[in-house]
Structure formats: structure tokens, C-alpha cells
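Visitor: Got a structure here, written out as C-alpha cells. Questions coming.
Just so you know, all these numbers are worked out from the coordinates, no wet-lab data involved. Being a predicted model, the structure only gives us computed values, none of them experimental. Note that we place each Cβ from the backbone using ideal geometry, even for glycine, and neighbour counts take in every protein chain shown.
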Amino acid sequence: MDFSSKLLTNAVSEVSQLPGIGKRTALRLVLHLLRQPASRTEELAAALLTLKSEIRFCKSCHNISDNELCEICSNPKRDESLICVVEDIRDVMAIENTGQFNGIYHVLGGKISPMDGVGPQDLTIGSLVQKVKDGKVAEIIFALSSTMEGDTTNFYIFKQLEPYEINTSTIARGIAVGDELEYADEVTLGRSIINRIPFERSLKT
């Protein structure tokens with residue numbers, strides 16, 4: 001796309017680098033902002049800068065948080081002995097929307113993917129194992145996407161936890177193989193959490 005303004009070109013180029021945003025969508029968004037009052041654009045820019053500079057990660061579960069502990073980990077009504085292992089914050093939001101889970105989470109920050117240069121050391125697996133070592137965890141639920149990378153990550157963590165007396169389970173396959181967790185509907189995802197199965201059994205299917 002050729003624009004009559006280099007300023008417009010630069011703005012569209014930057015916006016189009018966001019995930020799922022092509023050049024045409026970026027142009028539409030930039031033109032929309034141009035039509036808004038300057039204060040609206042300033043508020044958006046300020047919100048993004050504040051997010052980048054002040055956002056924190058929960059010291060317990062690694063979820064995005066405003067404080068040292070996120071609202072889930074600091075909630076005394078949550079069952080701290082039940083940990084659901086997820087890839088990122090989008091999966092936390094998806095499971096929370098089902099209203100079917102009352103434990104806490106552990107956000108890995110990704111999945112093991114040698115092709116992408118992501119190994120176990122790049123994820124928060126070590127702190128998860130430490131939680132189990134501390135003896136306060138009764139069950140680990142694997143809730144990663146049903147992809148090769150997700151299954152590889154599940155199995156790696158499972159092997160790390162084998163020396164300890166702890167139950168490990170995985171969400172039921174109401175989630176289609178290859179699907180990302182965040183795109184599952186709430187009813188299906190909720191049932192998958194409730195009807196979870198022992199992880200060892202999932203290795204045989």
C-alpha cells in the first residue's frame with residue numbers, strides 16, 4: 001500500500017505488526033484514531049505505556065497482575081492444593097469464564113517447542129516443581145492445548161513430577177485435538193475441566 005503521508009505509512013506499519021492485524025485493518029484503525037479527538041489517542045497511548053511500564057507478574061503463578069500476588073492466588077476461597085497448568089493468561093481467562101474451577105493456576109509462559117527455540121528452561125517449570133516439593137499440592141491439572149507442543153510439555157512436566165506422590169490429570173478431550181484452549185466454548189471447556197482424567201491414562205489414548 002502506498003500512502004500520501006509518511007506519517008500515515010509509519011503508523012500503519014507499526015499497527016500492522018500486531019498479531020492478526022493486516023495492512024488494511026491497520027489502516028482502518030489508524031484512520032479511526034485520526035477522526036477521534038486528540039485526547040482519545042493520548043489516553044490510548046498513555047494506557048499502553050502504563051501497561052508496559054507497570055504491569056507485574058504474580059510471584060506465585062506468573063499470571064499478569066497489578067500486585068505481587070494476583071487476585072486469584074490471594075483469594076482465600078481458592079483451593080491452593082489444586083493447580084491448573086496453562087500456557088498463558090488467555091487460558092486463565094478462558095477457564096475462569098467457565099466458573100467450573102476453584103483452584104489456582106500456574107502459567108508456563110509458553111510450550112516446549114524446539115523448532116521455535118523454546119526449551120524447558122525458558123518456561124516456569126522449575127517453580128512448579130518447587131511448589132510440589134513443598135508438599136502443599138494435591139493435584140496438578142494439565143490444561144495445555146491438544147497440540148504436539150502441548151503434549152510434549154505435559155509429558156515433560158509429568159516426568160519431572162513422577163518422584164513425588166501427587167495426582168496428575170489432564171482435561172478431557174472435549175477439546176478437539178489441535179485446538180487452542182482460548183478458542184474453546186465455555187460449556188465444552190468447563191466440562192473438560194470437570195471430567196478430567198488421570199494423566200497416565202491419556203498417554204494410552
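Visitor: Any idea which residue in the range 10-26 is farthest from the chain's Cα centre (by Cα), counting only those that are loosely packed, with under 14 Cβ neighbours inside 10 Å and in a helix (DSSP H, G or I)? Step through it out loud before you land on a result.
Guide: So in the range 10-26, the residues loosely packed, with under 14 Cβ neighbours inside 10 Å come out as 10, 14, 17-20, 22-24.
Still in the list and also in a helix (DSSP H, G or I): 10, 14, 23-24.
On the way: ASN10: 31, GLU14: 24, LYS23: 27, ARG24: 28 Å.
Per the stated criteria, the residue is ASN10.
Visitor: If I filter the range 94-110 for residues that are surrounded by 15 or more Cβ atoms within 10 Å (Cβ to Cβ) and among the charged types (D, E, K, R), do I get at least one hit?
Guide: no
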